[in-house]
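The structure appears below as structure tokens.
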Amino acid sequence: MGARARATTLPSRTPAGEPQAKALAQRLDRLIHDRTRLAIVSALAANDTMGFNDLKGITGTTDGNLSVHARRLEDAGYVHCEKSFAGRVPRTEYRLTAAGRRALEKYLDHMDALIRATRRR
Amino acid sequence: MREPVTAVNDHAAENLQFIRHAMERSTTFSAVPGVGGALMGTVGLAASVIAALQPTAEKWLAAWLSAAVIALTIGLVAIRAKATRLGLALAGPPVRRFALGLSAPFLAGAALTFGLWRHGVWALIPPTWLLLYGTGVLTGGAFSVAPMRVLGLAFMTLGVVALVTPADWGNVWLGLGFGGLQIVFGVYVARRHGG
């Protein structure tokens, strides 16, 4: 839906299609364009909630790196983090917010539009 | 000047692929053992021969239960080895869902086996095992690779066949399922799903 709507609002295509592709690329959400953050958002889009260790397994990154990237997504309002205790063991659960889901959808639309723009060359 | 545009296109396609893989990795358990599955089948096949030679029903049951313990151990070791080799996590939502889907019918099967043994209803043990093993593989397979679901359905079909055919054939159906089907599945997974 979004991809089609967006495609109709794109600037008119040049014969080479290159400026259009470049313009699209420049409009990318840089926050989730990063591979680790993209993996976090994608994994959370497919699950209601995920724990810190689960996300670490999916992203294949270190504790520190995951914390930094998750915090950036949290600061942007894309991810909600909830800390609790299971007995004495601390638990950190993440879930995607509505804004985060919209951002991923928008990013997917951008990718889709980029591919279509370059294919129409 | 066209090359950069192609690169952008490739990069976008690669990103979409990355997103798809990240989603799949977070929802699918893919450390299903192929070679290990075939080995489990070999144990099942051997068990069907050994069990058929037993003089009493109790010894027949003991032969199959011993084989189940060996096959389970092989399965767990093979899952761990495959996960380590492919760098797959053995924790997280897909693993938990897979384990729950698989183990609940297995536990029901163990409880029913106890009940059937206690009441001496030997004839119902083969169909019960085939049906509940199939159910476990099918429900666990809902969070795993597609061949698992096919295997589950095949086991369940064999369970129904065991129900409607003479009780004496029970051991044959068990050998066909835990031996034959398991080996075919193992070889397929080993070839198509990374060993």
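The values are calculated or read from the model by the stated rules, or taken from the named source; none is laboratory data. Just so it is clear, the structure is predicted and the values come from calculations on it, not from any experiment. So basically every Cβ, Gly included, is an ideal-geometry build from the backbone, and we count neighbours across all protein chains shown.
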Practice problem: For segment B:85-123, enumerate the residues that are crowded, with 18+ Cβ neighbours inside 10 Å and modelled with pLDDT under 85. | Solution: B:LEU88, B:ALA89, B:GLY92, B:PRO93, B:PRO94
Quiz item: So which residues in segment B:129-143 are over 22 Å from B:GLY115 (Cα atoms) and assigned to a helix (DSSP H, G or I), if there are any at all?
Solution: B:VAL137, B:LEU138, B:THR139, B:GLY140, B:GLY141
Quiz item: Restricting the search to segment B:74-108, which residues are away from chain A (no Cβ under 14 Å) and among the charged types (D, E, K, R)?
Solution: B:ARG80, B:LYS82, B:ARG85
Exercise. Scan segment B:92-112 for residues that are hydrophobic (A, V, I, L, M, F, W, C) and closer than 16 Å to B:ARG80 by Cα and jot them down.
Key: B:VAL95, B:PHE98, B:ALA99
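For segment A:27-86, which helices (runs of 4 or more DSSP H) that fit wholly inside it have 2 or more residues that are touching a helix residue (DSSP H, G or I) at 6+ places or on another chain (Cβ under 8 Å), over 21 Å from B:ARG96 (Cα atoms) and aliphatic (A, V, I, L, M)?
Passing ranges, in order: A:30-33, A:63-75.
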Quiz item: In segment B:68-85, what count of residues is obtained for those that are touching a residue at least 60 places away in the same chain (Cβ under 8 Å) and either in contact with a helix residue (DSSP H, G or I) (Cβ under 9 Å, 6 or more places away or on another chain) or not in a helix (DSSP H, G or I) (or both)?
Solution: 2
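Hey, any hits in segment B:12-35 for a residue that's assigned to a helix (DSSP H, G or I), among the acidic types (Asp, Glu) and either closer than 30 Å to A:ASP112 by Cβ or touching a Pro at 6+ places or on another chain (Cβ under 9 Å) (or both)? So that I can check it myself, show each step before the final result.
Keep residues of segment B:12-35 that are assigned to a helix (DSSP H, G or I), which gives B:12-27, B:35.
Okay, now just the ones that are also among the acidic types (Asp, Glu), so B:14, B:24.
Remaining after also requiring either closer than 30 Å to A:ASP112 by Cβ or touching a Pro at 6+ places or on another chain (Cβ under 9 Å) (or both): B:14, B:24.
Within segment B:12-35 (the criterion being assigned to a helix (DSSP H, G or I), among the acidic types (Asp, Glu) and either closer than 30 Å to A:ASP112 by Cβ or touching a Pro at 6+ places or on another chain (Cβ under 9 Å) (or both)), the answer is yes, since at least one residue qualifies.
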Self-check item: Filter pass, B:PHE155 being surrounded by 16 or more Cβ atoms within 10 Å (Cβ to Cβ), modelled with pLDDT of 95 or more, farther than 18 Å from B:THR128 by Cβ and of a type in the set (Phe, Trp, Tyr)
Solution: no
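Looking only at segment A:75-99, how many residues end up being without any contact (Cβ under 8 Å) to a residue 12 or more places away in the chain and either surrounded by 12 or more Cβ atoms within 10 Å (Cβ to Cβ) or of a type outside the set (Val, Ile, Thr) (or both)?
9
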